[in-house]
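Chemist: First, the structure itself, so that you have it in front of you.
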Amino acid sequence: MCADGSSTHTRVSTMDRECVSLLPGVCEVLAGSGRSLPDDTSLEKLLDWFTGLTEAGGSLLEACPCLQDFISAVVSNTASDPGVLSFTLKLTGLVAATEKGFKMLQECSLLDLVFNLQRWQEVGLWEDPCLRIGWIQGLKNLLLHPKALSFFVQSDFIEPLLHLQTDASLFVASAANQLLAHILIFFQPVSSAGCNGLDKKEEDGGRTQTSIHTAVVTTISQYLKESLVPKENKQLHQSLQILKLLALLLNQAGPPLRDELLQTVSDPLEELVAAGCSQLTLPLMDAILAAYSPGTDERAPDQRVTRLLSSMLNINKPSGLIRAAAAFLHRGHHDTVHTARAVRILLLPLDIIAGQTLLGTNTTDEHQLSMLEQLKGKTSCISLICVCLTNTPQITLMPSGVLPCPPDLIITAVLSLLRICSGVSSSTGCSEVCRNVIGSGKVQKCALEALTALNSSPGAKEKVNDVFTVLIQYLDNPDSDPTVLHKSYQALVKWTSVPTDLSFITDQLRQDLVEVVKKRVCDMHWEVRDSTVEFLGHLIEEECDVSEALLGGCCTTRLLKEALQDTESYVRASAISALAKTLAHNWQQGAALGQEEGEIVSRLLEILSQDTEGFSRRAVVQYFIAWFSSRPSDLPQLSLSTSCTSLLMQCVPSVLSLGSADLDWEVKVHTLELAELLMDEAFSGHRRYKKNSGTHQAPSHPYGLVSNQAYTLHTHTGQHTDGVESDLAGVLNNLVELGVISATLSGLVDCDRPVGLKACQLLITLRETVADDAVGVSCELPDRGWGQEIRKILGMKKSDGARKVDIAGKRSFNDDSEDCGVLKDGVTDGVIVGVCEVLRSLGLDERLDVLTQSSDHVHNSPLSLLQDILTASAAHTHPDTQAGEEVIVDCY
């Protein structure tokens, strides 16, 4: 019985009765099919369902008695499909995961039959990796209590599991590793300090489990000790797997188990380090660093482990040496001696190739010569220098005690390397090595990424001029590929935030940058044009003053206006986004919009109505969202007549109308976000208005976005609040005129669920805000499209007895109309409805419940899965089924 008095059977029986009734038929299909299902994921999905029931605390055999017969039938039939057999082994482990289920299966001898490895070998099924995976995962499923551990040990499963740890199948080997780690860690003894309250029976049981676990640890430790060092090259795979297992164990084991493992494997680890096998460098370093981590007890690292680490940071092979140093640095240890050693190792390739004295005169000749020889090979040179560059930003942030040179000298070395790569300068270093990196796109990209991150390094301010010079040279270089140019722009944007004043910007630097940007914005490659336009936007977003000083606002705006005509939609979208960023600071200052802004807006509306690509249209709506969000906070309540925002508010109805009718669902969602901002503004301060949040997060899509930062709507207080409270009808009528109501009603019946969901949420908010305080406000429903769909919903409501609309007695009802709340109007093509009554009559709460649930709750249910399996089986066995006819299993 459970603590609350209910049985596990009662809990599990709450699952869908129809699923339980279908399960015997499904079991019969699986047990008798002799082959897998048309959809090979069906069994995994079925297992997921059983797993969920088990994790909820249920007894599978009590809820589904047919499973016992199913397991028996499948494992007794050696002709069963390997996939079904594997599924059955995993399911058996799930059933036996509780002591009660374990006992029931053991009483009918099913556990011995299912996991009898010798039997599977004799019938030739063990060769299938699918069965081996099932055997391992089935055991892992059941090994959750002491009786299961006793069964595992008494069945002599340790030896075969150790052999599977180096299986030819990586999936099998990985699963075996996970199971071995699970056994040692899950069953490791807890401290005996709190055992005084145990009765004798529990205490004896704990001692028995500890004894069994000790025997398992001894066996596995001995295996690790004997197998860790490869006797020949073909055993490298075995050593690799054992090192992975060792790292896994050392990372998770408690002090007693950890100490015992270290004591056992220290000698073979030393032997492995001395062997210097480059293929094992990283896994060996992972195992050593797992042992080196002090863990939760914060003890000092074992002296043997410290010696191993020192040896790894002094091996003779440069490729292994630099990777070991990188691995140590990534762990974030604060060991001054080893950190200083790792830093010197990682800077050595850059020291040699860039000709900068990064390491002083204390470099060991042995390592410098061996590294130099390694760098003379092109492939190894590029590999080593990239590892070095990746770690330079982290190195420059190290304490001065571990750095062999000032951080700014490292920045100088990276700049020297970039010059060498582009062929604009030679190095005082080895010319044979320098030839390997000239024109190397991989090294250039890696160096530019490093340079971008180095903008926060100490000493960066002193290097701004040099950085800008090199980056402009890269942007101007005709041999730079589009990705290199993109990374150059990224670095340039980041480095604009480094200087505290603009004195570094000379006339020559400004002229050079303007010329190169003008050239690249017309490049034949659209990727380059796109990167250039993005750069213009990001530059103003990062630092407005620097942007003005570098390029000048007129130049930027003109180039972006021209990019609106680009043939590539990505470029047009980026131009729109950049314009929004470029003009944002003017909007925030409340500056009057001139003729140029009017021309831009006209072009944007043209794009929204005519552009064939969704990227551009999304960006247009986001442009207006940014514009509206950037309005000064001291402007009065939104109105079509407000002079400062007249152009914006004149455009809003067109944007809402075009955006809500767009074919792209993301455009429609963004349109509803604009409608939400208008609602937020209109009802700001109203006591009943509950908006979702004060900020609206811009999307993370790379194109058509305004900003990666949240934009905050300005709210108003005081008189505005009082005005909203007293004139809800006027505010609602204003939203009708702007097109907010039409956009949300249109979205409500949209075929795309995200659109419908957003619209439904906004309409519910609107309904709760206006209540019956604005009954005189009406809006028009068009005769076709969304208007017709809304009218159908209202008509259905009338048939259910919904009450009619009363719009303050302004018009009379047409009693013959089938639409609830619909008033005929002879002037318009559509029909006029009362907004408040429509909001009450649309069944928004019920609709929200449906929209909130994804389609998965219908199609991806256990019931659907079971039905699909039965349907597929019936189709395959039906006499009318055509040869070669495919049966699709519609399961999740």
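Chemist: Could you check how many residues of the stretch 122-148 are assigned to a helix (DSSP H, G or I) and under 22 Å from Val172 (Cβ atoms)?
Modeler: 16
Chemist: I'm checking my understanding of the structure. Among residues of the stretch 1-18 that are part of a helix (DSSP H, G or I) and under 22 Å from Ala97 (Cα atoms), which one is modelled with the highest pLDDT?
Modeler: Here the answer is His9.
Chemist: When the stretch 761-785 is examined, which residues are found to be closer than 22 Å to Leu663 by Cβ and open to solvent by 60 Å² or more (accessible area, probe 1.4 Å)?
Modeler: Asp783, Arg784
Chemist: Condition first: surrounded by fewer than 18 Cβ atoms within 10 Å (Cβ to Cβ) and outside any helix (DSSP H, G or I). Now tell me which residues in the stretch 471-498 satisfy that.
Modeler: Across the stretch 471-498, the qualifying residues are Asn477, Pro478, Asp479, Asp481, Ser497.
Chemist: Which of the residues spanning the stretch 242-255 are over 15 Å from Ser278 (Cα atoms) and either within 33 Å of the chain's Cα centre (by Cα) or in a loop (DSSP other than H, G, I, E, B) (or both)?
Modeler: Ile242, Lys244, Leu245, Leu246, Ala247, Leu248, Leu249, Leu250, Asn251, Gln252, Ala253, Gly254
Chemist: Here's another thing I want to ask about it. For the stretch 55-68, enumerate the residues that are within 19 Å of Leu110 (Cα to Cα) and assigned to a loop (DSSP other than H, G, I, E, B).
Modeler: Matches in the stretch 55-68: Ser59, Cys64, Pro65.
Chemist: State all residues of the stretch 597-608 that are open to solvent by less than 70 Å² (accessible area, probe 1.4 Å) and closer than 20 Å to Cys555 by Cα; if no residue qualifies, say none.
Modeler: Correct list: Glu597, Gly598, Ile600, Val601, Arg603, Leu604.
Chemist: Before we move on, is Lys147 within 22 Å of Leu248 (Cβ to Cβ) and among the basic types (Lys, Arg)?
Modeler: Considered against the rule, which asks whether it is within 22 Å of Leu248 (Cβ to Cβ) and among the basic types (Lys, Arg), Lys147 comes out as no.
Chemist: Starting from the stretch 487-515, keep only residues that are closer than 17 Å to Gly459 by Cα, then list their pairs with residues that are among the polar types (S, T, N, Q) whose Cβ atoms are within a distance under 6 Å, requiring at least 6 positions of separation or different chains.
Modeler: As it stands, the answer is Ala491/Thr452; Lys494/Thr452; Lys494/Asn455; Trp495/Asn455; Val498/Asn455; Phe504/Asn465, since those pairs meet every condition given.
Chemist: Can you run down the residue pairs with Cβ atoms below 7 Å, 6 or more apart or on separate chains, where the first is in the stretch 609-630 and open to solvent by 10 Å² or more (accessible area, probe 1.4 Å) and the partner is acidic (Asp, Glu)?
Modeler: From residues that are open to solvent by 10 Å² or more (accessible area, probe 1.4 Å), the pairs are Gly614/Asp664; Gly614/Glu666; Arg617/Asp611; Arg617/Asp662; Arg617/Asp664; Arg618/Asp664; Arg618/Glu666.
Chemist: Report yes if Val724 is touching a Phe, Trp or Tyr at 6+ places or on another chain (Cβ under 7 Å), closer than 27 Å to His670 by Cα and at pLDDT below 85, otherwise no.
Modeler: Answer is yes for this residue.
Chemist: In addition: Output the number of residues of the stretch 321-346 satisfying the condition of being open to solvent by 40 Å² or more (accessible area, probe 1.4 Å), in contact with a Leu (Cβ under 8 Å, 6 or more places away or on another chain) and not in a loop (DSSP other than H, G, I, E, B).
Modeler: 3
Chemist: In the stretch 740-760, what residues are part of a helix (DSSP H, G or I) and open to solvent by 10 Å² or more (accessible area, probe 1.4 Å)?
Modeler: Ser742, Ser746, Arg753, Pro754, Leu757, Lys758
Chemist: Restricting to the stretch 207-236, give me the number of residues that are in a loop (DSSP other than H, G, I, E, B) and open to solvent by 50 Å² or more (accessible area, probe 1.4 Å).
Modeler: So the answer is 2.
Chemist: Working only within the stretch 214-257, note down all residues that are more than 19 Å from Ile183 (Cβ to Cβ) and of a type in the set (Gly, Ala, Ser).
Modeler: Ser239, the sole residue that qualifies.
Chemist: Restricting attention to the stretch 157-189, which residues are within 13 Å of Thr219 (Cβ to Cβ) and open to solvent by 10 Å² or more (accessible area, probe 1.4 Å)?
Modeler: Within the stretch 157-189, Phe157, Ile158, Glu159, Pro160, His163 qualify.
Let's see how each residue does on (1) under 30 Å from Ala874 (Cα atoms); (2) part of a loop (DSSP other than H, G, I, E, B); (3) open to solvent by 40 Å² or more (accessible area, probe 1.4 Å); (4) basic (Lys, Arg):
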{"site": "Leu46", "(1), (2), (3), (4)": "yes, no, no, no"}
{"site": "Leu53", "(1), (2), (3), (4)": "yes, no, no, no"}
{"site": "Phe70", "(1), (2), (3), (4)": "yes, no, no, no"}
{"site": "Lys103", "(1), (2), (3), (4)": "no, no, yes, yes"}
{"site": "Leu113", "(1), (2), (3), (4)": "no, no, yes, no"}
{"site": "Trp120", "(1), (2), (3), (4)": "no, no, no, no"}
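Chemist: A follow-up question, please. Does any residue in the stretch 429-449 that is closer than 14 Å to Leu350 by Cα come within less than 8 Å, Cβ to Cβ, of a residue that is open to solvent by 40 Å² or more (accessible area, probe 1.4 Å) and not in a helix (DSSP H, G or I) six or more places away or on a different chain, and which pairs are these?
Modeler: Pairs that qualify, where the first residue is closer than 14 Å to Leu350 by Cα and the partner is open to solvent by 40 Å² or more (accessible area, probe 1.4 Å) and not in a helix (DSSP H, G or I), are Cys430/Lys376; Val433/Lys376; Cys434/Ser426; Asn436/Lys376.
Chemist: Still on this model: Can you find, within the stretch 645-680, the residue that is least open to solvent (accessible area, probe 1.4 Å) among those that are outside any helix (DSSP H, G or I) and within 16 Å of Ser742 (Cβ to Cβ)?
Modeler: Per the criteria, the residue is Asp662.
Chemist: Shifting gears a bit: I'd like to check something: does the stretch 827-843 contain any residue that is modelled with pLDDT under 55 and either at positive phi or in a loop (DSSP other than H, G, I, E, B) (or both)?
Modeler: Yes.
The values are calculated or read from the model by the stated rules, or taken from the named source; none is laboratory data. Remember, predicted model here, so these are calculated numbers, not experimental data. Cβ coordinates were reconstructed from backbone atoms using ideal geometry, including for glycine residues, and neighbour counts include every protein chain displayed. These accessible areas exclude ligands, DNA and RNA; they are computed on the full protein's heavy atoms, side chains included. Shrake-Rupley method; radii C 1.70, N 1.55, O 1.52, S 1.80 Å.
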